[in-house]
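A short worksheet on the structure shown next.
The values are calculated or read from the model by the stated rules, or taken from the named source; none is laboratory data. Note that this is a predicted model, so its numbers are computed, not measured. Protein only, heavy atoms only, side chains kept; ligands, DNA and RNA dropped before computing areas. Shrake-Rupley method; radii C 1.70, N 1.55, O 1.52, S 1.80 Å.
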Amino acid sequence: AVDRGKRDKEEHRDRVGQGKGAAKGDMAALGFLIDDPDSTNVGMLASIAEAGELDIKKIQDATNREKRRALLQGDQFVAQAGLYGLQANAANPGAAAAGTLLSGASSVYKAGKGTHWA
């Protein structure tokens with residue numbers, strides 16, 4: 001989602017640049033001064049650029065929302081997996097106790113091995 005958002009922003013920036021270039025070409029063909037800071041054409045080109053940047057910010061916002069949604073969904077999947085694990089342990093308490101006992105024994109062994117007394 002993040003990579004797609006970056007790509008979408010770059011493509012939109014390119015389209016805005018092409019639009020500005022086409023507008024400059026059209027204005028020049030009509031005989032307007034393009035680079036004159038006092039001309040209204042400079043303001044029109046700035047408006048095109050501002051509109052393009054606003055669209056890019058909208059693309060970034062949509063990308064951020066999609067990223068947050070994906071992260072939240074991942075957290076929900078992890079929580080659901082934990083719930084399934086609790087349900088499985090509740091359905092078979094003997095297996096859960098055996099797993100806990102083996103896990104505890106393994107932890108004690110690892111701790112003792114580090115101190116060279118096991």
Show Val42, Val78 ordered by accessible area, largest first, where the area counts protein heavy atoms only and the probe is 1.4 Å. Val78, Val42
Reachable aspartates and glutamates from Lys67, Cα under 14 Å, same-chain residues fewer than 8 places away excluded? Asp3, Asp75
Accessible area of Arg7 in the full protein assembly, 1.4 Å probe (Å², nearest 10): 120
Spatially proximal aspartates and glutamates relative to Lys58 (Cα-Cα < 12 Å; intrachain offsets below 8 disregarded): Asp8
